[in-house]
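Below is one structure, written out as structure tokens; comments come after it.
The values are calculated or read from the model by the stated rules, or taken from the named source; none is laboratory data. None of these values were measured; they are calculated from a predicted model. Virtual Cβ from ideal backbone geometry, glycine too; neighbours counted across all protein chains shown. In case anyone asks, the SASA skips ligands and DNA or RNA and just uses the protein heavy atoms, side chains included. Shrake-Rupley method; radii C 1.70, N 1.55, O 1.52, S 1.80 Å.
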Amino acid sequence: MRKTKKVVRIGGVQIGGNSPIAVQSMTKTKTKDITKTVNQIKRLERVGCEMVRVAVVNKDDAAALSRIKQAITIPLIADIHFDYRLALKSLDAQVDKIRINPGTIGEVWKVREVIKKAQDCGTPIRIGVNSGSLPPHILKRHKHPTPTAIVETAREALAIFQKNAFDNIVISAKGADVMDTVSAYRILSEEFDYPLHIGITEAGLPFRGGIKSAVGLSILLHEGIGDTIRVSLTSDPVMEVVAAHEILSSLGLRRQNPILISCPTCGRCEVNLEKIARVVDKRLSQYKDYMKVAVMGCVVNGPGEAREADFGIACGKKVGVIFAKGKEIKRVREARLVDELFEVIDENLDH
Ligand code: SF4
């Protein structure tokens, strides 16, 4: 498996090398609204966001960064387009990383100014290429934001950083097309040793966007490509973090939250299993421990799956069987199934 060789520290989180893949999200509030932004970040922290990015669009946003940073515990990343002076102000505010887009920052001397300041502050920079905002000269050459055009943009930007002896770098090269994005990251990871932040940009509403992101990120992560991930969704950012953890957990790269296994139901099912599964899923979101919990509709596959999981229920007609650690614990009537399942879970957890 390919692994990024260089290690970069973003506040208290280390990425690259053998570090675990970190989950990132981005706030959707106006950054200058400190209360709303901090509240959103705290919600993200609670569901397992490990670093958060905020848009720095103007001076008021930049001025809010120090207070936001003081109020949160995860690393804060300032996202800057167009105005390099906002990057300088963000660095003054001691953010943990800045993200600049080489397609929108403009002249080389502006990028150099940012590099110089980041060098003084010891702050890492993400070179964030995006298929929707490639520099005009590259777009003219390639006509479309192809993987080669995306990589060429990253390569050009990197040359400026390398010329200025700056290697505290993370790269991203996100596209809206899944397979183009995968191709771009494959080239980047062959060519460079810098940690990669990966994601499918503008993926869409949660259902389609979640699937697109899962497909793209899974291919890359399975090939050992990617050090931080973001699932970009047109939705509450909490969904982005939940989806990111689900992807990592499905790939066996994370074992820290409960996993719900539930059957699709069929003509053999005698209970409203979807309702039961939704209630169990909601209650499980309060738990941080890794455990597999099975909610099964009947006695065909039910007991087998439920026994293989750490905890489970196999439903019958108005009655269900609760399993824990492979053993049948009790039979209970349908109305009590979920409560009794959680009593068993709580009794069996170590704390
Ligand atoms: Fe159907 Fe039972 Fe399988 Fe669920 S566990 S899909 S109800 S056979």
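Report, for segment 259-350, the % of DSSP beta bridges that are antiparallel, rounded to 5.
60 percent
If only the Cβ of Lys and Arg carry +1 and only the Cβ of Asp and Glu carry -1, the dipole of the chain around its Cα centre is close to 420 debye.
Taking the charge dipole of the chain about its Cα centre, with +1 at Lys and Arg Cβ atoms and -1 at Asp and Glu Cβ atoms, the residue from I68, G106, L205 reaching farthest to the positive side is G106. Report relative contact order for segment 18-137 in percent, whole number only (criteria: Cα-Cα under 8 Å, sequence separation at least 6). Relative CO of segment 18-137 lands at 20 percent.
Considering only beta bridges that DSSP places wholly inside the chain, some 30 percent are antiparallel.
Entry comment: accessible area of segment 8-250 is 41 Å² per residue, from protein heavy atoms only and a probe of 1.4 Å.
Under the criterion of Cα pairs below 8 Å and six or more residues apart, the relative contact order for the chain equals 13 percent.
Under a 5 Å amide H cut-off, with hydrogens placed 1.01 Å from N, K330 pairs with I322 among residues at least 5 apart or on other chains. Looking at segment 286-329, the trypsin sites (Lys or Arg not before Pro) that sit in a DSSP loop and have at most 16 other Cβ atoms within 10 Å of their own Cβ are K288, K317, K318, K325. Among L134, T29, V57, pick out the residue whose Cα is farthest towards the positive end of the charge dipole of the chain, where Lys and Arg carry +1 and Asp and Glu carry -1 on C-beta, about the Cα centre. Towards the positive end, the residue furthest out is V57.
Find the accessible area per residue for segment 259-350; the probe is 1.4 Å, ligands and nucleic acids are left out, and the unit is Å².
That works out to 57 Å² per residue.
Spatial offset of segment 285-307 relative to segment 1-53 amounts to 31 Å, using the alpha carbon center of each.
Backbone amide hydrogens, once placed in the peptide plane, bring I198 within less than 5 Å of D227, T228, I229, R230, excluding anything fewer than 5 places away on its chain. With springs only between Cα atoms under 10 Å, which of G128, G199, G304 fluctuates most in a Gaussian network model of the chain? Answer for the Gaussian network model of the chain: G304. Of the accessible area of the chain, computed with a 1.4 Å probe over protein heavy atoms only, carbon and sulfur atoms account for 51 percent.
Dipole size of segment 259-350 about its Cα centre, with +1 on Lys/Arg Cβ and -1 on Asp/Glu Cβ: approximately 320 debye, rounded to the nearest 20. Mean projected area of the convex hull spanned by the Cα atoms of segment 259-350, taken over all viewing directions: 5.0 nm².
Under the rule a/c < 1.5 gives rounded, and otherwise a/b versus b/c splits prolate from oblate, where does segment 1-46 land using the Cα gyration tensor? Judged from the Cα gyration tensor, segment 1-46 comes out prolate (a/c at least 1.5, a/b above b/c). Think of it as helices only: each DSSP H run of n ≥ 4 in the chain is worth -39500 (n - 2.57), and spread over all residues that comes to -13500 deg cm²/dmol at 222 nm.
A simple charge model with +1 on the Cβ of Lys and Arg, -1 on the Cβ of Asp and Glu and nothing else charged puts the dipole of segment 67-186 at about 100 debye relative to its Cα centre.
Distances between placed amide hydrogens fall under 5 Å for V170 paired with I125, R126, I127, all partners being 5 or more residues away or on another chain. Taking all protein chains together, C298, C121, C315 sort by accessible area into C121, C298, C315, largest first [probe 1.4 Å].
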